[in-house]
Amino acid sequence: MRHSRWISLTLTLLNEHYGISRKRQRYLVDRKDLWEPFLIFGIVAVLIVTLFPLMKTLLDQMIAVYAQMGAPEMVYAYFFMICSAFGFLVGLLVILSVFFFSKDLPLLMSLPLKPTEILSAKIALIVFDQTWISIVGLLFPYIYLGARIGLGWEYWISGFLILLSAQILPILFETIVILPLSRVIRFGKHRDFLLFSVSVLFVVAILLINVAITNTGVSGELTEETFREFLENPQNIILKGLSIYPPAIWAYRAVSAKGMVSLGWLACFLSVTAGGFLLTLFLANRFYLASYLELQDRHTRKSLLTRAELDHSIRRERSPVRALFIREWRYFLRIPAFAFNGIGNVLIFPILLILFGSTNKSLGSASSLGAIITNLESLRAYLLPLGTLVGVLAGGMNLLSSTFLSREGRMLTELKTLPVSAKDILTAKYLHIFILSEIGPLTAVIAMRILVQAAWGDLLGAFIGSSVCISFLNLIQMIVDIKRPMLDWDNPQKAMKQNLNGLFSVVLLFGFIAGCLGMGWLTQGFLSPLMMFALLVGVCALGHIPLIPITISSLDRFLLKDL
Amino acid sequence: MLEIRHLTKVFGKNFKAVDDLSLSVKKGEVFGFLGPNGAGKTTTIKMIVGLLKPNEGSISIGGKDIQKDTIAAKLKIGYVPDEPVMMEKIKGIEYLDFIADMYGVPLQKRRERVEKLTTAFKLRNALRDIVAGYSHGMKQKLSLVAALLHQPDLWILDEPLTGLDPESAFLLKKMMQNHTESGNTVFFSTHLMEIAEKLCDRIGIIHQGKLLFTGTIEELKKEKGEATLERVFLEVTGSEAQQMDFSYLDASE
Ligand SMILES: Nc1ncnc2c1ncn2[C@@H]1O[C@H](COP(=O)(O)OP(=O)(O)O)[C@@H](O)[C@H]1O
Ligand SMILES: [Mg+2]
């Protein structure tokens, strides 16, 4: 009885979350907007076709390296680690918004459901969502490695089950941290924001501490002793690298061992997952409901607002652009889903860099990134144009420009009644997005300095160059969002995550970079790297001349239209 | 002050929510826009403030066309929507400050008006809190204050009295009258007859998108020979409510 209720709840949540009924109605019954699913399949197909050779080369290289050490299954563990890390990063925000801030919670809370039922249904939803990460990041390496080396049934069974459950542990771990934490944070006016920040800091801190601890064990100078140890037993060193995230070791043991031993490790992995789930339910019972209800309380004061206080709050006159710019920041920062998605998207590149860096460091120079960087030495002459593209890649994936109007949602009516021009609105929004996306070029430049000791001139050039290109791409994405904004969202998370315009921006960015690389490859004979750089930046700079008026006039027209 | 010429709004293929509507509101008038639910009041108002685009017709506010001279026209309007739309995660005072920036209200004036208006509406102490915690009525009051900050020439209110407590409703009615005394204009929609009867210099009755009547209440009563505005209204809009039999509601079983 209770069991079937839980299933019904979970299925309903899934249906709502993915808009399954709505999509079925639209595509299958009404047969409207059929190009949307086709476009998505098309893009996925193109991505698979283009990424396949790249992935294959990378995998071949990695398999060769690890097979030499007698541990080809490390490749599986490596991608398992990366997927888990992604799950950690992406999951945290999803968890917080789904557990505490989703719009359906008041309804669910009023139904005769136990907190554990609500929470476990929500966890199922999140895990389902996150498993895409494993499917994208782990499925291909899993199949390719198994087929190429010809691994036994233990590998296929363990690998498959671990792949399916890989995203559960990160989610559970974060839930276990957040639930008690949410009881501690109950002060202040911007509780939701506080809850988000503290949780993020907490999880990041735990990860960093873990990285630090494991690194002191392995890295440092390659002394004679560690080198000898490495030669005698390479697997130990490798496993030490994985100990940043112990489940990765169990996963490695499960896919690499034979017979009962393999199944034993698999059981260990799965039972820790199950145990984590039970612990989560226990904590949910104790903390969830109370925290949720408390977060709904708002801070109110009864004391009189004095004239002095009022004068202090109303301090200066601002121009419309300035006021809109401040509105933009407030709107962005005070809605946690926007703040963390937006900042997360520009930080994901730097974070990945640190993560790769540290894993590679602990895995020793034999690993893939080390090899890639060594290969890059031959490309050193092209540092300026390539660095620029890295900066574009890091800053261009912000999802802010491609959702700049969509994020307004219902608030667009406010914007439409205000006596301000489209130009003022655009200036404020453009500046806000540009400032945030500059994190990308900045980190790219820092990475260039640290990894390949680029010269200051190259760094400055790459910084300015990628800023110009990003601004160009941002404008294109803004125009697309003006043409097809998604305004009827109920959950701010959806405005960014389930927005087709976001998908478009990813395609645009990768297309741009692939195009530039292709052009560079074709022209390498007769264009100097400096010329390539100048051409790239010049085209993007000139592109602003038509794009700026187009953006303004399309927003102008949009603001006159019905909502 | 407000000139509406042959205004038409079509939703979907051929549903005329507003149908060839023309009216003018003079400076210093309180104009009541009456009609049953779904008559097209909100649709008309949204076109006046630039939220919807008319299919035909024109609207000018103090001589400025809302479609051609959008910003100048908007600067003359103070608009209070039927459902308050504002940022939730912002403090009341931050919202008012933002609106004042938008309309270029000088610093001293904005301080004074914020203080006086929020004190009058008993909203002053809540200014420090974020809007998300406000009740529906409080949000509506904040929206009213925001629409008055720049002393608009034309105040446009969509069903302003629904949702307000009696004290605030009384205050609002007084403000609407005061607003016109200093030479400004008020245009508001309502389906409450007694309000219209008490407040309006002139009224317009809209039904199924068509304007059936404009003029003073006296003119209307004379024309129709009915004693109360309510009866006139029911007659004009062709309601059958007067003849309906509601006894089934009380039938006990
Ligand atoms: N955006 C819209 N799309 C389609 N129909 C609408 C829209 N807005 C209003 N309508 C319809 O137009 C008619 C008038 O609505 P409205 O102006 O809101 O009435 P009211 O006089 O109660 O304010 C109603 O029948 C309503 O259903
Ligand atoms: Mg209405």
*Residue list for the stretch A:320-335, filter: at the interface with chain B (Cβ under 9 Å from one of its Cβ atoms) and either touching a Lys or Arg at 6+ places or on another chain (Cβ under 8 Å) or crowded, with 20+ Cβ neighbours inside 10 Å (or both)*: A:P320, A:A323, A:L324, A:I326, A:R327, A:R330, A:Y331, A:R334, A:I335
*Name, by its number, the condition in (1) assigned to a loop (DSSP other than H, G, I, E, B); (2) over 30 Å from B:E235 (Cβ atoms) that does not hold for B:A132.*
(1)
*Could you please find all residues in the stretch B:62-110 being β-branched (V, I, T) and either crowded, with 21+ Cβ neighbours inside 10 Å or within 30 Å of B:R5 (Cβ to Cβ) (or both)?*
B:I66, B:T70, B:I71, B:I77, B:V80, B:V85, B:I93, B:I99, B:V105
_Going through A:L399, A:L384 one at a time, which residue ends up being surrounded by 22 or more Cβ atoms within 10 Å (Cβ to Cβ), in a loop (DSSP other than H, G, I, E, B) and among the hydrophobic types (A, V, I, L, M, F, W, C)?_
A:L399
*Could you figure out which of (1) buried (at least 17 other Cβ atoms within 10 Å of the Cβ); (2) within 14 Å of chain B (Cβ to nearest Cβ); (3) part of a helix (DSSP H, G or I); (4) among the charged types (D, E, K, R) isn't true of A:R253?*
(2)
*Residue under evaluation B:E29, criteria (1) surrounded by 15 or more Cβ atoms within 10 Å (Cβ to Cβ); (2) within 16 Å of ligand 1 (Cβ to nearest atom); (3) among the charged types (D, E, K, R), criterion not met*: (2)
*Among the residues of the stretch B:33-61 satisfying the criterion of being away from ligand 2 (no atom under 13 Å from the Cβ) and part of a strand (DSSP E or B), which is surrounded by the most Cβ atoms within 10 Å (Cβ to Cβ)?*
B:I61
*So, in the stretch B:83-105, of the ones that are more than 26 Å from B:I48 (Cα to Cα) and not in a helix (DSSP H, G or I), which residue ends up farthest from ligand 2 (Cβ to nearest atom)?*
B:K91
_Sole exception among (1) within 16 Å of ligand 2 (Cβ to nearest atom); (2) assigned to a loop (DSSP other than H, G, I, E, B) for B:L123, by number_ = (1)
*asked:* Give me the residue from the stretch B:62-82 that is touching an Asp or Glu at 6+ places or on another chain (Cβ under 7 Å) and within 16 Å of ligand 2 (Cβ to nearest atom) and, out of that set, modelled with the lowest pLDDT.
replied: B:D82
*Is there a residue in the stretch A:489-497 that is surrounded by fewer than 20 Cβ atoms within 10 Å (Cβ to Cβ), in contact (Cβ under 8 Å) with a residue 24 or more places away in the chain, in the same structural domain as A:P546 (by TED's automatic domain parsing) and closer than 19 Å to A:F510 by Cβ?*
yes
*Just name the residue that is surrounded by the most Cβ atoms within 10 Å (Cβ to Cβ) out of those in the stretch B:12-26 that are within 12 Å of ligand 1 (Cβ to nearest atom) and in contact (Cβ under 8 Å) with a residue 12 or more places away in the chain.*
B:V18
*Do you know which of the residues in the stretch A:306-318 that are loosely packed, with under 14 Cβ neighbours inside 10 Å and assigned to a loop (DSSP other than H, G, I, E, B) is farthest from the other protein chains (Cβ to nearest Cβ)?*
A:T306
*Condition met for B:A169 (small (G, A, S) and either modelled with pLDDT under 90 or more than 18 Å from A:L415 (Cα to Cα) (or both))*: yes
*Can B:P36 be described as in contact with a helix residue (DSSP H, G or I) (Cβ under 6 Å, 6 or more places away or on another chain) and either more than 19 Å from A:D562 (Cβ to Cβ) or without any contact (Cβ under 8 Å) to a residue 60 or more places away in the chain (or both)?*
no
*Within the stretch B:158-186, can you find the residues that are in contact with a Ser or Thr (Cβ under 7 Å, 6 or more places away or on another chain) and under 16 Å from B:G78 (Cβ atoms)?*
B:D158, B:E159, B:V186
*If you check A:G520 against the conditions, is it assigned to a helix (DSSP H, G or I) and surrounded by fewer than 18 Cβ atoms within 10 Å (Cβ to Cβ)?*
no
*For the subset of the stretch A:28-38 comprising residues that are without any contact (Cβ under 8 Å) to a residue 60 or more places away in the chain and part of a helix (DSSP H, G or I), which member is nearest to the chain's Cα centre (by Cα)?*
A:P37
*Does the stretch A:541-561 include one or more residues that are outside the structural domain of A:D129 (by TED's automatic domain parsing), surrounded by 15 or more Cβ atoms within 10 Å (Cβ to Cβ), in contact with a Gly (Cβ under 6 Å, 6 or more places away or on another chain) and not polar (S, T, N, Q)?*
no
*Breaking point among (1) within 15 Å of B:T185 (Cβ to Cβ); (2) of a type outside the set (D, E); (3) at the interface with chain A (Cβ under 9 Å from one of its Cβ atoms), for B:G50*: (1)
*Identify, please: which residue in the stretch A:529-538 is loosely packed, with under 14 Cβ neighbours inside 10 Å and without any contact (Cβ under 8 Å) to a residue 24 or more places away in the chain and is, among those, farthest from A:L426 (Cα to Cα)?*
A:M531
*Among the residues of the stretch B:119-133, is there at least one that is crowded, with 21+ Cβ neighbours inside 10 Å and more than 10 Å from chain A (Cβ to nearest Cβ)?*
yes
*Enumeration of residues in the stretch A:1-27 that are of a type in the set (V, I, T) and either under 24 Å from A:N501 (Cα atoms) or not in a helix (DSSP H, G or I) (or both)*: A:I20
_Counted residues, the stretch B:8-32 - those being more than 18 Å from B:E197 (Cα to Cα), more than 14 Å from every other protein chain (Cβ to nearest Cβ) and more than 16 Å from ligand 2 (Cβ to nearest atom)_ = 10
*B:V105 fails exactly one of the following numbered conditions: (1) farther than 24 Å from A:L310 by Cα; (2) more than 15 Å from ligand 1 (Cβ to nearest atom); (3) among the hydrophobic types (A, V, I, L, M, F, W, C). What is the number of that condition?*
(1)
*Inside the stretch A:109-136, can you point out the residues that are surrounded by fewer than 21 Cβ atoms within 10 Å (Cβ to Cβ), touching a residue at least 24 places away in the same chain (Cβ under 8 Å) and of a type in the set (G, A, S)?*
A:S120, A:A124
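The values are calculated or read from the model by the stated rules, or taken from the named source; none is laboratory data. The model shown is predicted, which means the values in this text are computed figures rather than measured ones. FYI the Cβ positions are ideal-geometry reconstructions off the backbone, even for glycines, and counts take in every protein chain you see.
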